[in-house]
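Report on the structure given below.
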Amino acid sequence: MTGPPDALPARVWLAAARPRTGGRLMRFARRYPLAVAGGGFLVLLVLAAVLAPWIAPYDPLANDYLSMFSPPSSRHWLGTDSFGRDILSRLIFGARTALLVGLSASVAGATVGALVGVASAYFGGAVDLVIQRITDILVSFPLIVLAMAMVAILGSGTANLVVAIALSFAPRAELVVRSSALQVRHTTYVEAARAIGAGPWRIILRHMLPNVLAPYLVMLTAFLGQAILLEASLSFLGLGVAEPTPAWGLMLSGAAVDFVQKAPWMAVFPGLAITLTVLAFNVLGDALRDALDPRLRV
Amino acid sequence: MHARRRLQQLGAAALLVAALVAASGTVSSSAPAPPRRGGSLSFIVSAEPPSFDAHRETTFAVIHPIRPHYNLLVKFDPLNYPKVVPDLAESWTVSEDGLTYTFRIRSGVRFHDGSLLTSRDIKASLDKIIFPPQGVASARQAMYEMVESVSAPSPNTVVIRLKWPSATFLEKLASPFNWIYKADILERDPRWYERNVMGTGPFRFKEYVRGSHWEGVRFENYWKPGRPYLDGYRALFISSPAAQAAALKFGQALVEFRGFAPAQRDEVVQFLGERATVQESGWLCNLLVVPNNQRKPFDDFRVRRALTLAIDRWGGSRALSQITFMGPVGGVMRPGGPFATPEAELTKLAGFGRDLNAARQEARRLLREAGVPEGFEFTVKNRNIPMPYIPAGIFLVDQWRQVGLNPRHVIQETGPYLADLRAGNYDVGVDFTCDFFDDPDVQLVKFVSSDRNPLNYARYTDRLLDGLFRQQSRERNLQRRLQIVRQFERRVLSDRAYQYHLLWWQRIIPHWKKLQGYKVGPSHYLEDLEEVWLSE
């Protein structure tokens, strides 16, 4: 696999590369088996989230007071919680919350960050200076602290959670994309576009942005895992989605902590779900970075 | 012979030792150790105070950390509920017609700023509670409807005149929220106490770190000789039940004065063993379901009634009592208390019956009749206090889904939650009533019309109900009073279904044994730390 040559716009390069996609995927799979396993797990997760109403054995919100604290059994494969709710069903529906928040927040955060990063690199000067100082301030806060502050300002709830996480990601994405965009800014095709009179936004959107897609995609996969973890952390802290919405972080908090000795399965399975999902995104992200970054290619 | 004498001597000595041991044992078990002075008490408070002014607030989050800075005119003896004892009033007399209460005020009582307390301060404080000026909220104004005037004819005399006699007026006056403030400050700014602290209580304010703690230190010029025993106290704000149990287990705190769930109690007792003790009691607290009577479709009586009919209180009681401190099913008066509704009568009220299927069928019919569609969405506004609000919210969402509704649980910090409830910015709220005394005047006042009691967040006006409240308050015959209370209860909970009880609470207080001078009662508002001491 080769990266886009400086002289070719990304569209041309991508079109040229298309016939070799199947072969590249096979090579990728042979070279990064862990990533394939991670990807497979994520596909299953997405399927579970999409098909949740049909595959979940119970209503995830239905209380069953005759089954409170039931250990894993043939009736409830992963046991029940303090309200008698089926943990497997809540995990399956919880995947929807995790993926919804994870995907929306990551895509929004990485996209906003990428746009601002490319614009900052293109315009340079005072615009770049102001954007970079603001970014410096924002990235100086740990991600969780920034997200907590955003939730405190915006309020809790799924939509606000997505906005809070996306806004926390944006400055980090901005930094990474800007550094790539700075290299692209002085390429001949950007100069050529400028020479024929293309406007700044046309150059940014049509010529620069497609050429920083590789770091953007890598970042996106890394953000996905982080976003799911953040959602779980904020829900655990009571700042995310509210009970009884099935959400993994929420399932780990409250009664799962209060009754951890009596019913450890209440905490173990949501914890496993979070761990495996974040791990899957991370190994996939690492492999994508290795595969897409020419500097890391042997 | 010699050996026999030796044996006799040994026997006598053994008897003497045994007698001495027995005697010393008797002494140690019968005479309690004298209170020990010194030490600082750390205790848990599971919410932060929305303001510092008890006259406008109703929550323990104000009482537990801030009450030790203040005195009352008279108070409930925290060790002997429901006995009323003098506090700033040295003594009092009641006229024969029961209409005039004359209080003699202690002399030499100082505020924490060094100034002397007079009857003027007491009049100003009571006036703020009973006749609040425009723009000043008083949570208990409606409870003192019988008061005609408060006067201070001399620096050490306060006279309260009533419009009609009230058998339990003294108890009402002993409300733990009736803190005595300084008249000069109230004159300058009646809302000053919402954000500042200055009283005559046993402890001076030291610091408040939001999200962390509230601290008080002994007031050296306190009027009661030898009190308080403690050098100071530190209220730790910890909301998570698991973190609370951990704080208690590892000695970061010695007690939480509100109440623990059975699981927390067991965890603490199992860990601390002999070092812990547990006190339990009925509790003058319950959770209320409050539909917004001014918002559609909850302005329709059929919808409100359907909501209460859908709730399985008896099943919920069995289940929730295992994981929370909620438990007893009851009407407007505390189950197990002197005015409790007998079960035979209680089960006749909508939503309190034993036939759940019939109740839910009726609920569905009423919703259909009222034009509420299947899957109708509405919000259930709740507080972010894990125990017992959030489990109650989860329970309610499940119950209403079973009659085809689709409620969304919205959890907020106490401040915004109360602000929304006060402003009517909600569909259905999870509210609470917690009182300091078993008396219909105290328990029923919550339900009189919203324009008469700002604490009634359900936003309805019902003059018939207000009339019943006044009627029972003036009734001196206990049986007749009870009949009126039952009539009131039927109208609020069932006939009009304005708002209704979910479950009452059961108070469970595990604490370190070294905490002395504390006795659990049915109210968690009565502790002022004046008599509390640490044995080690």
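The values are calculated or read from the model by the stated rules, or taken from the named source; none is laboratory data. Every value quoted in this text rests on a predicted model; they were computed, and no experiment measured them. Cβ sites come from the backbone with ideal geometry, for glycine too, and all protein chains shown count toward neighbours. Protein only, heavy atoms only, side chains kept; ligands, DNA and RNA dropped before computing areas. Shrake-Rupley method; radii C 1.70, N 1.55, O 1.52, S 1.80 Å.
Please give the total accessible area that chains B and A bury against each other, computed with a 1.4 Å probe and expressed in Å² to the nearest 100.
Working: alone 21480 and 14820 Å², together 34790 Å².
Chains B and A together bury approximately 1500 Å².
Give the cross-link partners of B:Lys249 among the lysines, using a straight C-alpha distance below 27 Å as the criterion and excluding same-chain residues fewer than 8 apart.
A:Lys262, B:Lys206, B:Lys513, B:Lys514, B:Lys519
Any residues in the range A:253-269 that have 40 Å² or more less accessible area with all protein chains than in their chain alone, probe 1.4 Å, and which are they?
Buried by the other chains: A:Asp258, A:Phe259.
Please compute the Cα-Cα pair-distance distribution of the protein assembly as shown with 10 Å bins starting at 0, giving whole percents from short to long.
Once binned at 10 Å, the Cα pair distances of the protein assembly as shown give 2, 11, 18, 19, 17, 13, 9, 6, 3, 1, 0, 0, 0, 0.
How much of the pair distance distribution for the range A:144-265 lies past 22 Å, counting alpha-carbon pairs only, in percent?
Working: 3849 of 7381 pairs.
Everything past 22 Å amounts to 52 percent.
Quick one: with all protein chains in place, what share of the accessible area of the range B:95-194 is carbon or sulfur, to the nearest percent (1.4 Å probe)?
Details: 1930 of 3960 Å².
So the carbon and sulfur contribution to the accessible surface is 49 percent.
Solvent-accessible area per residue for the range A:202-250 at a 1.4 Å probe radius, Å²?
Values: 1570 Å² over 49 residues.
Computed with neighbouring chains in place, this is 32 Å² per residue.
Quick one: putting +1 on the C-beta of Lys and Arg, -1 on the C-beta of Asp and Glu, what dipole do you get for the range B:282-506 around its Cα centre, in Debye to the nearest 20?
Working: 32 positive and 25 negative charges, 84 e Å.
Its charge dipole is roughly 400 debye.
Once the whole set of protein chains is in place, how much accessible area is left on B:Trp283, using a 1.4 Å probe, in Å² to the nearest 10?
Approximately 0 Å² for this residue.
Please give the calculated 222 nm ellipticity per residue for chain B, where each DSSP H segment of at least 4 residues contributes -39500 (n - 2.57) and the sum is spread over every residue; nearest 500 deg cm²/dmol?
Numbers: 16 runs with 170 residues, N = 536.
Estimated from H runs of four or more residues: -9500 deg cm²/dmol.
Given points 7 Å out from each Cα along the Cα-Cβ axis, report the B:Ser149 to B:Gln270 separation in nanometres with one decimal.
6.4
Take every DSSP beta bridge whose two residues both sit in the range B:282-506, then give the antiparallel share in percent to the nearest 5. Write out the running numbers ahead of the final one.
Details: 12 of 22 bridges.
Antiparallel bridges make up about 55 percent of those DSSP assigns within the range B:282-506.
Calculated FRET efficiency, A:Asp290 and A:Gln183, Cβ-Cβ r, R0 30 Å, to nearest 0.05?
Working: r = 19 Å, r/R0 = 0.65.
Rounded to the nearest 0.05, the efficiency is 0.95.
Set Lys and Arg Cβ to +1 and Asp and Glu Cβ to -1, take the dipole of the protein assembly as shown about its Cα centre, and tell me which of B:Ser151, A:Tyr122, A:Ala147 lies farthest positive.
It is A:Tyr122, whose Cα lies furthest towards the positive end.
What number comes out for accessible area per residue over the range B:282-506 if the probe is 1.4 Å? Units Å², please.
Working: 7750 Å² over 225 residues.
Using a 1.4 Å probe on heavy atoms only, each residue of the range B:282-506 averages 34 Å².
Mind telling me which of A:Ile137, A:Ile165, A:Ile87 comes out most flexible in a GNM of chain A, alpha-carbon contacts under 10 Å?
A:Ile137
Can you give the helix-only mean residue ellipticity at 222 nm for chain A, where every DSSP H stretch with n ≥ 4 adds -39500 (n - 2.57) and the sum goes over all residues, rounded to the nearest 500 deg cm²/dmol? Each step should come with its number before you reach the end.
Working: 13 runs with 202 residues, N = 298.
One gets -22500 deg cm²/dmol as the mean residue ellipticity at 222 nm.
Helix B:2-30 against the longest principal axis of chain B: what's the angle in degrees, Cα atoms only, rounded to the nearest 10?
The helix B:2-30 is inclined about 30 degrees to chain B.
With the full set of protein chains in place, find how many percent of the accessible area of chain A is carbon and sulfur; take the probe as 1.4 Å.
Details: 10060 of 14060 Å².
On chain A, the fraction of accessible area on carbon and sulfur atoms equals 72 percent.
Round to a whole number: what % of the accessible area of the range B:282-506 belongs to carbon and sulfur, probe 1.4 Å? Please list the in-between numbers first.
Numbers: 3530 of 7750 Å².
Carbon and sulfur atoms account for 46 percent of the accessible area of the range B:282-506.
Give the angle, between 0 and 90 degrees and rounded to the nearest 10, that separates the Cα long axis of helix B:356-369 from the longest principal axis of the Cα atoms of chain B.
Computed tilt is about 40 degrees.
If you fit an axis through the alpha-carbon atoms of helix B:313-323 and take the longest principal axis of the Cα set of chain B, what angle between them do you get, 0 to 90°, nearest 10?
For helix B:313-323, the angle is close to 40 degrees.
Relative contact order for the range B:287-394 using alpha-carbon pairs under 8 Å, separation at least 6, rounded to a whole percent?
On the way: 98 pairs, mean separation 32.4, N = 108.
RCO, the range B:287-394: 30 percent.
Considering only DSSP beta bridges where both residues belong to the protein assembly as shown, give the percentage that are antiparallel (nearest 5).
On the way: 51 of 69 bridges.
Around 75 percent of the beta bridges assigned by DSSP in the protein assembly as shown are antiparallel ones.
Mean separation of Cα pairs under 8 Å and 6+ residues apart, divided by the residue count of the range B:282-506: what relative contact order is that in percent?
Details: 414 pairs, mean separation 78.7, N = 225.
Over the range B:282-506, the number comes to 35 percent.
With springs only between Cα atoms under 10 Å apart, run a GNM on chain A and tell me which of A:Ala170, A:Ala119, A:Ala37 wobbles the most.
Top of the fluctuation ranking is A:Ala37.
If you count, for each residue, the other Cβ atoms within 10 Å and average over each peptide, how do A:273-283, B:477-487 line up from highest to lowest?
Values: A:273-283: 20.3, B:477-487: 15.1.
Top to bottom by mean Cβ count within 10 Å: A:273-283, B:477-487.
Need the full-extension length gain, B:Gln361 to B:Ser107, defined as separation in residues times 0.36 nm minus the C-alpha distance. One decimal, nm. Don't jump to the answer; show the numbers that get you there.
Numbers: separation 254, 0.36 × 254 = 91.44 nm, distance 6.52 nm.
Stretched out fully, the B:Gln361 to B:Ser107 stretch lengthens by 84.9 nm.
Hey, could you pull the Cα Rg and Dmax for chain B, both in Å?
Calculated on Cα positions, Rg and Dmax stand at 25.8, 107 Å.
Over all directions, average the projected area of the Cα convex hull of the range B:323-437 and note it in nm². Before the final figure, lay out each step's value.
On the way: hull surface 34.5 nm².
If I average the Cα hull's projected area over directions, I get 8.6 nm².
Pop out a list of residues from the range B:383-409 that are at least 20 Å² less accessible with all the protein chains around than in their chain alone; 1.4 Å probe, no ligands or nucleic acids counted.
In the range B:383-409, residues shielded by partner chains: B:Ile394, B:Phe395, B:Val397, B:Asp398, B:Arg401, B:His409.
I'd like the residues of the range A:230-244 whose 1.4 Å-probe accessible area shrinks by no less than 30 Å² going from the isolated chain to the full set of protein chains.
A:Ala242, A:Glu243, A:Pro244
Using DSSP, restrict attention to beta bridges with both residues in chain B and report what percent are antiparallel, rounded to the nearest 5. Before the final figure, lay out the partial values.
Working: 50 of 68 bridges.
Of those bridges, close to 75 percent are antiparallel.
Can you list which of the DSSP-assigned H helices in chain A have a Cα extent of 27 Å or more along the long axis and an average Kyte-Doolittle score of at least 1.0?
Helices meeting the criterion: A:87-123, A:213-236, A:265-292.
Which whole-number percent gives the relative contact order of chain A, counting Cα pairs below 8 Å spaced six or more residues apart? If you can, show how the numbers build up before the last one.
On the way: 445 pairs, mean separation 73.4, N = 298.
RCO, chain A: 25 percent.
R0 = 25 Å: FRET efficiency of B:Arg408 with B:Glu207, Cβ-based, nearest 0.05? Write down the numbers at each step before the final one.
On the way: r = 39 Å, r/R0 = 1.56.
With a Förster radius of 25 Å, E is 0.05.
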